[in-house]
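The values are calculated or read from the model by the stated rules, or taken from the named source; none is laboratory data. Quick caveat: nothing in here was measured; it's all calculated off a predicted structure. Glycine gets a Cβ as well: all are built from the backbone with ideal geometry, and neighbour counts include every protein chain shown.
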Amino acid sequence: MRVNFMNELQTTEYTQDRLQALAKQILEEAAKQGASSAEVDIGINKGFSVTARKGDVESVEYHQDKNVDITVYFGHRSGSASLSDLRYQAICDAVKAACNIARFTDEDPYSGLADINELAFNYPQIELAFPWDITVEEAIAKMRDCEAEALVLDKKISSEGSSLTTMQAGSVYANSLGFIGSYPLTRHEISCVLVAKENDEMQRDYSYTVACDPLQLNTIDKLAKEAVEKTVRRLGARKIPTQRVPVIFIAEEARSFLGTFLAAISGGNIYRKTSFLVDHLGKMVFPSYITLQERPHLNKALGSAPFDNDGVITRDNIFIENGILKLYLLGTYSARKLGLKSTGNAGGAHNLFVSTGKKDLAGLLKTMDKGLLVTELMGHGTNLLTGDYSQGAVGFWVENGTIQYPVQEITIASNLKDMYQQIIEIGNDVDTRGKVRTGSILIENMMIAGH
């Protein structure tokens, strides 16, 4: 019966019920091979993407991926195996391999399943799955329309391609403490990449829209217009002298700036002492008017999840309250290493909301008066151990509260501790296209390395 069921999985729809049944059978196999406890994480996704360029179909890609991660425990010794082959023999071989690893590894007193009272036995049902009833032919037509719409808006524009991707996914986590949880989700994205040319200068930029629900995607004409405006306004970019000035990170780039903060408070970096925020619980990290709160149970939000990668229930967390660091970002293992409790964040944060002010981007520019508006960051120049920050950037020079001209070939630098404390204001132009929801951020001053 078991063999027939697993073989049947190769050719039938991967429903949540079938994935849960598979997870239970993997746990049974782990117990049969001597494991004292085990956990399994199964992920399935399917969908397609199309790209059109210069009126032609550049690519059509279908995908259906499946992945199974198995971890077994022999007391405090653990072993893991991953596979994408769901045939019965492959499952048995993977479990056997994980067991063999566990038998010969050193004991780790912090390893093991989450405590049973932390598991999400009554997890909330969140609306995250909204399949898009669109055919490949319709997607191709939509991308051709997007490209054509952009090209008629400005003669300086040429296309690097418009892409549409739609994906349905399912996730199941189960362990030998009797917990099993699953939830479906969808993700749909459209992007438009353009090049603007004037004389001998060429500039490239793009726009995109992404959502769980296709009804929340921007329209094609709005996407094309935004991509054209962003690309054309980069023409005439200049270098600027090295100087220290105020800086605004536009909302889209402010997300990555705060993403670095999440990395700095993640449990792994804290217990390894590879973060500049080690031993900072209860200390003032941001100005007193800033709060960073996680809200993981929002319907249709890209960062939502009812439980984390350990099966621990997710919950509203306040990481920064009135500027003070209240919590680290913890999964089960890192919490045990630190002598703390899991915050339900094995795998990362879910929908981090940043307190905002009353001004839009134009209002922040007026407040800044003179300085740099950063619209794109390049490279990876953050040292989490020291907090030193240095990244390539492009953007716009601002004087008298208005944009004067685009700038390029510059590097911005400071230390993250100083940057956090020097946040003057956060705009209300919140970008919702990710797990961090923030407006543009105005920082008092940074070093700008130009010519």
For Gln404, the lone unmet condition from (1) closer than 30 Å to His280 by Cα; (2) without any contact (Cβ under 8 Å) to a residue 24 or more places away in the chain; (3) polar (S, T, N, Q) is (1)
Expected output for region 154-179 (first residue over 15 Å from Ala196 (Cβ atoms), partner of a type in the set (Asp, Glu) and not in a strand (DSSP E or B), Cβ below 6 Å, 6+ apart or cross-chain) is Ser162/Glu147
The strands (runs of 3 or more DSSP E) lying entirely within region 7-110 that contain at least 1 residues which are at pLDDT below 95 and in contact with a Lys or Arg (Cβ under 6 Å, 6 or more places away or on another chain) are 37-53, 56-74
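Conditions tested, residue by residue: (1) more than 30 Å from Leu215 (Cα to Cα); (2) not basic (Lys, Arg).
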{"position": "Lys54", "(1), (2)": "no, no"}
{"position": "His63", "(1), (2)": "no, yes"}
{"position": "Lys66", "(1), (2)": "no, no"}
{"position": "Arg77", "(1), (2)": "yes, no"}
{"position": "Leu83", "(1), (2)": "yes, yes"}
{"position": "Gln89", "(1), (2)": "yes, yes"}
{"position": "Phe130", "(1), (2)": "no, yes"}
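Regarding Ile240, is this residue out of contact with any Lys or Arg (no Cβ under 8 Å at 6 or more places or on another chain) and in a loop (DSSP other than H, G, I, E, B)? Explain how you work it out, then say what you get.
Values: out of contact with any Lys or Arg (no Cβ under 8 Å at 6 or more places or on another chain): yes; in a loop (DSSP other than H, G, I, E, B): yes.
Criteria met by Ile240.
Only one of these is surrounded by fewer than 14 Cβ atoms within 10 Å (Cβ to Cβ) and over 26 Å from Ala335 (Cβ atoms): Glu138, Glu147. Name it. Even if it seems obvious, please write down each step before you answer.
Values: Glu147 fails: surrounded by fewer than 14 Cβ atoms within 10 Å (Cβ to Cβ).
None of the other options fit; the residue is Glu138.
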Scanning region 41-78 for residues that are of a type in the set (Phe, Trp, Tyr) and either within 16 Å of Ser191 (Cβ to Cβ) or loosely packed, with under 14 Cβ neighbours inside 10 Å (or both) gives Phe48, Tyr62
Val354 fails exactly one of (1) of a type outside the set (Phe, Trp, Tyr); (2) in contact with a Lys or Arg (Cβ under 9 Å, 6 or more places away or on another chain); (3) surrounded by fewer than 19 Cβ atoms within 10 Å (Cβ to Cβ), namely (3)
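Scan Thr231, Thr166 and give me the residue that is crowded, with 18+ Cβ neighbours inside 10 Å, over 25 Å from Lys435 (Cα atoms) and modelled with pLDDT of 95 or more. I'd like the intermediate steps shown before the answer.
Working: Thr166 fails: over 25 Å from Lys435 (Cα atoms).
Being crowded, with 18+ Cβ neighbours inside 10 Å, over 25 Å from Lys435 (Cα atoms) and modelled with pLDDT of 95 or more holds for just one of Thr231, Thr166, which is Thr231.
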Among the residues of region 304-320, the number that are touching a Gly at 6+ places or on another chain (Cβ under 7 Å) and either at pLDDT below 95 or surrounded by fewer than 18 Cβ atoms within 10 Å (Cβ to Cβ) (or both) is 1
Within region 290-317, residues being over 16 Å from the mean Cα position of the chain (by Cα) and of a type in the set (A, V, I, L, M) number 4
Expected output for region 284-310 (first residue in the same structural domain as Asn428 (by TED's automatic domain parsing), partner at pLDDT below 95 and among the basic types (Lys, Arg), Cβ below 7 Å, 6+ apart or cross-chain) is Leu302/Lys435; Gly303/Lys435
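I'm checking my understanding of the structure. Among residues of region 421-447 that are of a type in the set (Ser, Thr, Tyr) and crowded, with 19+ Cβ neighbours inside 10 Å, which one is farthest from Asn317 (Cα to Cα)?
As a first pass, look at region 421-447 and keep what is of a type in the set (Ser, Thr, Tyr): 432, 438, 440.
Those left that are additionally crowded, with 19+ Cβ neighbours inside 10 Å: 438, 440.
On the way: Thr438: 16, Ser440: 22 Å.
Here the answer is Ser440.
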